[in-house]
Amino acid sequence: MKVYRLGHVPWEDSQLLYHAMARLEHEALNLLSPASPYVCVGYHQDARQEIDVEYCRQKGIPIFRREVGGGAVFLDGQQLFYQLILRHDHPLAGLDKASFYRTLLEPVVRTYGDLGIPARYKPVNDVITLEGRKISGNGAAHIGESVVFVGNIILDFDYETMVRVLRVPDEKYRDKVFKSMQENLTTVRRELGRVPAEEEVIRILSGHFAEVLGPLEETTSVPAEVRELADALRPQFLSDEWTFGRSLPARPEERDVKIAAGVHVLQRIYKTPGGLVRATLEVKDEIIRSAWITGDFFFYPEQKLVALERALEGVPMAQVPAVIQSFYEREHIESPGVTPAELAAIIQGNV
């Protein structure tokens, strides 16, 4: 397998390259950083719900919606990205998601250890210091016939901008988010008081990935077909239609809006071990007319979430648990940290 040491690339390439490689079933490990900052939202998120879009536009901060679940994050050149693309028949790709994350995060844990920061894996997909602060964010997805695993070594982090790009109800709430983020998210600089040379970090990380993946052939440029497909994907992934494709036409701020007798639009939010789940429902006489499920959780296969929303249409509230359980079994769904029963309870308002 090749490891592409690409340095600092245009911010779009930091996302488009692995999306292209996955579609081409081109197995590789990418190590890179974006040359300029941007905001990246998860595949299942409603970007307008999570991000202060107007602020980002005023400041010239692009917003990108990736085909990987998880939450919104501010990304810049102070983070080293690792992006692993595996064909669907690769032995690692066949692991259940808990084993997949545990196996592929071991190189990251060892890298932090070698840098002088004792760390450990925390399910579902985090690496944390021994004191419990998150120091790496990770995700995985099925794209085309490939499985991708992406994450970062957080050398340093712009907490202020991260908090500012988030959509929050008021400034008091923003202050609380800022304080919580500083307490629970750390960086190499904060832990060591310095940032090691990027070449050193790349050498250590690449070596530990080779322990899991086997020998890696180093190169510094991607094949022409990858470059061509990445460029071809650019118009789609940079369009508003794609970026805001999970946005509701009209988003209720309240939890329960009565439209007419027996007709309600409900928004139910619950933080599960696997991430925040937000269910927006139109319900008439206790029957779901439409469902919209967003959040920073992971759901595999990713595209099946829309099918689940459609499967809930016309379903009486009382039958939601049985319908969701049946859907999970029939479609072989995995949602680490979010059980079918929990998802049903959120929709029913029983949490």
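The values are calculated or read from the model by the stated rules, or taken from the named source; none is laboratory data. Since the model is a prediction, treat every value here as computed from it, not as a measurement. Positions of Cβ are generated from backbone atoms using ideal geometry, with glycine treated the same way; all protein chains shown enter the neighbour counts.
Identification of strands (runs of 3 or more DSSP E) wholly contained in the stretch 76-149 with 1 or more residues that are surrounded by 19 or more Cβ atoms within 10 Å (Cβ to Cβ), modelled with pLDDT of 95 or more and among the β-branched types (Val, Ile, Thr) yields 79-87, 126-129, 134-143. Among the helices (runs of 4 or more DSSP H) confined to the stretch 1-73, the ones with at least 3 residues that are farther than 23 Å from Val306 by Cα are located at 13-24, 53-59. If you take the residues in the stretch 258-279 that are under 20 Å from Glu313 (Cβ atoms) and modelled with pLDDT of 90 or more, which one is nearest to the chain's Cα centre (by Cα)? The residue in question is Val277. Taken over the stretch 94-131, the criterion of being under 20 Å from Val338 (Cα atoms), touching a helix residue (DSSP H, G or I) at 6+ places or on another chain (Cβ under 8 Å) and hydrophobic (A, V, I, L, M, F, W, C) is satisfied by Leu95, Phe100, Val124, Val127. Consider Gly69 carefully, then state whether it is assigned by TED's automatic domain parsing to the domain that holds Val201, modelled with pLDDT of 95 or more and surrounded by fewer than 19 Cβ atoms within 10 Å (Cβ to Cβ). Judged against the criteria, Gly69 is not a match.
Applying the criterion of being at pLDDT 95 or above and surrounded by fewer than 16 Cβ atoms within 10 Å (Cβ to Cβ) to the residues of the stretch 302-316, the residue that is nearest to Gln348 (Cα to Cα) is Pro316. If the condition is being touching a residue at least 40 places away in the same chain (Cβ under 8 Å) and either buried (at least 16 other Cβ atoms within 10 Å of the Cβ) or not assigned by TED's automatic domain parsing to the domain that holds Ser36 (or both), then the stretch 169-195 contributes Leu185, Thr186, Thr187, Val188, Glu191. Would you mention how many residues in the stretch 95-151 are farther than 20 Å from Ala22 by Cβ and hydroxyl-bearing (Ser, Thr, Tyr)? Final tally of qualifying residues: 6. Of everything in the stretch 48-60, what is at pLDDT 95 or above and surrounded by 21 or more Cβ atoms within 10 Å (Cβ to Cβ)? Give them in sequence order. Matches in the stretch 48-60: Ile51 only. Just one of the listed residues (Ser221, Ser247) is modelled with pLDDT of 95 or more, part of a loop (DSSP other than H, G, I, E, B) and closer than 30 Å to Pro10 by Cβ, and it is Ser221. Quick one: would you say Gly7 is small (Gly, Ala, Ser), at positive phi and surrounded by fewer than 23 Cβ atoms within 10 Å (Cβ to Cβ)? Taking the combined requirement at face value, the residue satisfies it. Tell me, yes or no, whether the stretch 198-209 has at least one residue that is free of Cβ contacts under 8 Å to residues at least 40 places away in the same chain and of a type in the set (Ser, Thr, Tyr). No, the conditions are met nowhere in the stretch 198-209.
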